[in-house]
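Below is one structure, written out as structure tokens, with a few remarks after it.
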Amino acid sequence: MTNWVVTAVLFIALLLSGCSSTPSGQTAASDNAGSDQALTTSANATNSSDSPNLEHREHGTQTTTDPIDVYDPWEGFNRSIYDFNARFDKHVFLPVVDGYRAVVHEWYRDRVSSFFSNLTEISTVANSLLQGKLKRAGKAAFRFVFNSTIGLFGFFDPVGGIGIPQVREDFGQTLGAWGVGDGPYLVLPFFGPSNLRDTTGLAADFAAHQVVDPFGLASFETDHPEMTAAKIVDKRHTIGFRYYQTGSPFEYELVRLLYTRIRLLEIEK
């Protein structure tokens, strides 16, 4: 990707972020697909609960919003994409992941996951600095340098073994820390739960990856699409969530709510 294309993507991302404030009377909407364990745990807890009540309640002359309400003006579209993702996951994605697990030994799978996870430290450093989290940026930089050298390009995580765990930051979180609202809830094809702000952040992070690329991985992925495929399969392999297996008839609402709450916590931490 040429520099002018990267610049254009970043400009569009920042322009979109200005439109992503949540209208008054609506609760912010956001989620983290990587927090699938929280999704599964909370989903099981709802098996015996009643249907979520999304109605607004009147208290005197003041209108309040139910605490589980999420701003989802594109719900019809989002539900269709959610269903598409579930079908794609079941018939294409998961069979590939199952094949990957059957062919590649667990030890090697862990090395691949560690390698790709190490690369995300670059984004964490940049976004921590943009948020003024200097200590977190320093830890992420230390993790990246140490694991990229002593840890053999990140295939191993010796830093985690000495008590410095990985904490990720992305541009969606940075925009949230700057006061940019979530905007409408949005389900992205293949990617899953998001919102207008986080989709903007995803585009910006992608553009930044093309510029800040110490291992030359971005250009390598262009010439070798199998590297991109490996990254995608590894990402799905590390996520335990399975569509329509939560046991709840309100899975869409549940995922939407948990995405919102998890992202809110990530921005505030």
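L188: of a type outside the set (D, E), in contact with a strand residue (DSSP E or B) (Cβ under 8 Å, 6 or more places away or on another chain) and surrounded by fewer than 19 Cβ atoms within 10 Å (Cβ to Cβ), yes or no? Judged against the criteria, L188 is a match.
Each row is one residue, and each column tells you yes or no for (1) surrounded by fewer than 18 Cβ atoms within 10 Å (Cβ to Cβ); (2) within 24 Å of I267 (Cα to Cα); (3) among the aromatic types (F, W, Y).
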{"position": "S117", "(1), (2), (3)": "no, yes, no"}
{"position": "I122", "(1), (2), (3)": "no, yes, no"}
{"position": "L130", "(1), (2), (3)": "yes, yes, no"}
{"position": "A137", "(1), (2), (3)": "no, yes, no"}
{"position": "F153", "(1), (2), (3)": "yes, no, yes"}
{"position": "F156", "(1), (2), (3)": "yes, no, yes"}
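Within this structure, I262 passes the test of being modelled with pLDDT under 95 and either touching a Ser or Thr at 6+ places or on another chain (Cβ under 6 Å) or over 23 Å from Y108 (Cα atoms) (or both). For the range 127-148, the set of residues classified as outside any helix (DSSP H, G or I) and either farther than 16 Å from G172 by Cβ or charged (D, E, K, R) (or both) consists of G132, K133, listed by residue number. Let me spell it out: the conditions are (1) in contact (Cβ under 8 Å) with a residue 40 or more places away in the chain; (2) more than 27 Å from N127 (Cα to Cα); (3) outside any helix (DSSP H, G or I), and I239 meets all of them except one. Which number is the exception? Unmet condition: (2). When F171, F116 are checked against the criterion of being touching a residue at least 40 places away in the same chain (Cβ under 8 Å) and closer than 20 Å to G216 by Cβ, F116 stands alone in meeting it.
Residues of the range 96-117 that are in a helix (DSSP H, G or I) and of a type in the set (A, V, I, L, M, F, W, C): V96, V97, A102, V103, W107, V112, F115, F116. Filter the range 140-151 down to residues that are surrounded by fewer than 20 Cβ atoms within 10 Å (Cβ to Cβ) and of a type outside the set (G, A, S), then give me how many there are. Here the count works out to 5. Is it the case, given these coordinates, that Y244 is buried (at least 16 other Cβ atoms within 10 Å of the Cβ) and more than 17 Å from R111 (Cα to Cα)? Judged against the criteria, Y244 is not a match.
Residues in the range 206-228: is at least one closer than 23 Å to K133 by Cβ, within 13 Å of the chain's Cα centre (by Cα) and assigned to a helix (DSSP H, G or I)? Yes.
If you check T199, T124, T120, T174 for being over 22 Å from R236 (Cβ atoms) and assigned to a helix (DSSP H, G or I), only one passes: T174. The number of residues in the range 157-171 being within 17 Å of K135 (Cα to Cα), part of a loop (DSSP other than H, G, I, E, B) and of a type outside the set (V, I, T) comes to 6.
Residues that are over 30 Å from S80 (Cα atoms) and among the hydrophobic types (A, V, I, L, M, F, W, C) were ranked within the range 202-226; the one that is surrounded by the most Cβ atoms within 10 Å (Cβ to Cβ) is A208.
Determine whether V255 is closer than 18 Å to D83 by Cα, of a type in the set (V, I, T) and within 16 Å of the chain's Cα centre (by Cα). Answer is yes for this residue.
Every residue, every condition in (1) more than 23 Å from the chain's Cα centre (by Cα); (2) of a type in the set (F, W, Y); (3) at negative phi; (4) at pLDDT 95 or above, yes or no:
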| site | (1), (2), (3), (4) |
| --- | --- |
| P52 | yes, no, yes, no |
| R57 | yes, no, yes, no |
| T63 | yes, no, yes, no |
| D69 | no, no, yes, no |
| G76 | no, no, yes, yes |
| S80 | no, no, yes, yes |
| V96 | no, no, yes, yes |
| F115 | no, yes, yes, no |
| E121 | no, no, yes, no |
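As a summary of the residue check, T199 satisfies the conditions (1) under 30 Å from D72 (Cα atoms); (2) polar (S, T, N, Q); (3) buried (at least 21 other Cβ atoms within 10 Å of the Cβ) except for the one numbered (3).
The values are calculated or read from the model by the stated rules, or taken from the named source; none is laboratory data. Just so you know, these numbers come straight off a predicted model, no measurement behind them. Glycine also receives a Cβ, built like all others from the backbone with ideal geometry; neighbour counts cover every protein chain displayed.
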